[in-house]
1. Which pairs have Cβ atoms under 7 Å, sit 6 or more apart or on different chains, and link a residue in the stretch 36-47 that is touching a residue at least 40 places away in the same chain (Cβ under 8 Å) to one that is surrounded by 15 or more Cβ atoms within 10 Å (Cβ to Cβ) and not β-branched (Val, Ile, Thr)?
2. Identify all residues within the stretch 53-65 that are open to solvent by 40 Å² or more (accessible area, probe 1.4 Å) and among the β-branched types (Val, Ile, Thr); write none if there are none.
3. Take the residues in the stretch 159-189 that are free of Cβ contacts under 8 Å to residues at least 40 places away in the same chain and assigned to a helix (DSSP H, G or I); name whichever of them is nearest to Leu129 (Cα to Cα).
4. Any idea which of Asp156, Asp192 is free of Cβ contacts under 8 Å to residues at least 12 places away in the same chain, part of a helix (DSSP H, G or I) and open to solvent by less than 60 Å² (accessible area, probe 1.4 Å)?
5. Restricting to helices (runs of 4 or more DSSP H) lying wholly in the stretch 1-114: which have 3 or more residues that are at pLDDT 95 or above and either within 23 Å of Arg190 (Cβ to Cβ) or out of contact with any His (no Cβ under 8 Å at 6 or more places or on another chain) (or both)?
6. Since Lys68 meets every condition but one in (1) in contact with a helix residue (DSSP H, G or I) (Cβ under 7 Å, 6 or more places away or on another chain); (2) open to solvent by less than 50 Å² (accessible area, probe 1.4 Å), which condition does it not meet?
7. Condition first: under 14 Å from Val22 (Cα atoms), open to solvent by 30 Å² or more (accessible area, probe 1.4 Å) and of a type in the set (A, V, I, L, M). Now tell me which residues in the stretch 104-118 satisfy that.
8. Please work out if Arg150 is under 16 Å from Val4 (Cβ atoms), open to solvent by 70 Å² or more (accessible area, probe 1.4 Å), at pLDDT below 95 and of a type outside the set (Asp, Glu).
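The values are calculated or read from the model by the stated rules, or taken from the named source; none is laboratory data. Predicted model only: the values in this text are computed from it and were never measured. Here Cβ is always computed from backbone atoms with ideal geometry, including for glycine, and neighbour counts include all displayed protein chains. Side chains included, ligands, DNA and RNA excluded: accessible areas come from the protein's heavy atoms. Shrake-Rupley method; radii C 1.70, N 1.55, O 1.52, S 1.80 Å.
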Amino acid sequence: MALVGLTGGIGSGKSAVASILVAKGYQLVDADQVARFVVEKGSPTLLKIAEEFGTEVLTEDGSLDRPKLGAIVFGDSAKLEKLNSIIHPAIAIEMQRRIDEAIKDDSMGMVFVDVPLLAETGGKDRYRLNFVVVVDISEDLQIFRLTQFRKITEEDARSRIRAQAARDERLSIADFVIDNSGSLVDLEIRVDEVLEQMENAIRKY
């Protein structure tokens, strides 16, 4: 059994690849889902956040008010560090719990861990990944897709891209690359090709 990291820049189509893998029957642990889960209404992590930053970071129904929390920590490195010290351990514990469950339930020989900021956070070592798959497109195509499909400005698209690891940084940690510059049909073909490559690599272990 191999534990495989899945990552890609904003607008790369990583979520589309994740959906294809799940449809094929692969177990997938989504770091974004975990990050949302640990701060759900009534969670211990959200209560700690409210204790630290005040109940004004909660909505009327007790959920996290992300804009208000963001306004508090934005530009204040000490407060941001405090927030991270609350959230990151909770995410790490829940991620590992879900990875362990996925491995236990695995019948495909590969479990995928979807981490958008894998290159930025050193996640390959943190999650003890056997392989890393990077979903890759050019920056021009990223900008086109972000402006066309997410309806954001080109300036905002470039800003979001710059906030992440550079394309070369992501590719430097890749064991396998999925080129998503074509159609959805092209993407499905490329996913199948990479899955076959990984299966061959696992047999050599």
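1. Pairs that qualify, where the first residue is touching a residue at least 40 places away in the same chain (Cβ under 8 Å) and the partner is surrounded by 15 or more Cβ atoms within 10 Å (Cβ to Cβ) and not β-branched (Val, Ile, Thr), are Phe37/Glu94; Val38/Ala90; Val38/Glu94; Val39/Leu46; Val39/Leu64; Thr45/Ala90.
2. Listed by number, the residues that qualify are Thr55, Thr59.
3. Among those residues, the one meeting the criterion is Leu171.
4. Result: Asp156 is the single residue among Asp156, Asp192 that is free of Cβ contacts under 8 Å to residues at least 12 places away in the same chain, part of a helix (DSSP H, G or I) and open to solvent by less than 60 Å² (accessible area, probe 1.4 Å).
5. The qualifying helices (runs of 4 or more DSSP H) are 14-23, 31-37, 44-53, 77-105.
6. Condition (2) is where Lys68 drops out.
7. Hit for the stretch 104-118 is Met108, nothing else.
8. Considered against the rule, which asks whether it is under 16 Å from Val4 (Cβ atoms), open to solvent by 70 Å² or more (accessible area, probe 1.4 Å), at pLDDT below 95 and of a type outside the set (Asp, Glu), Arg150 comes out as no.
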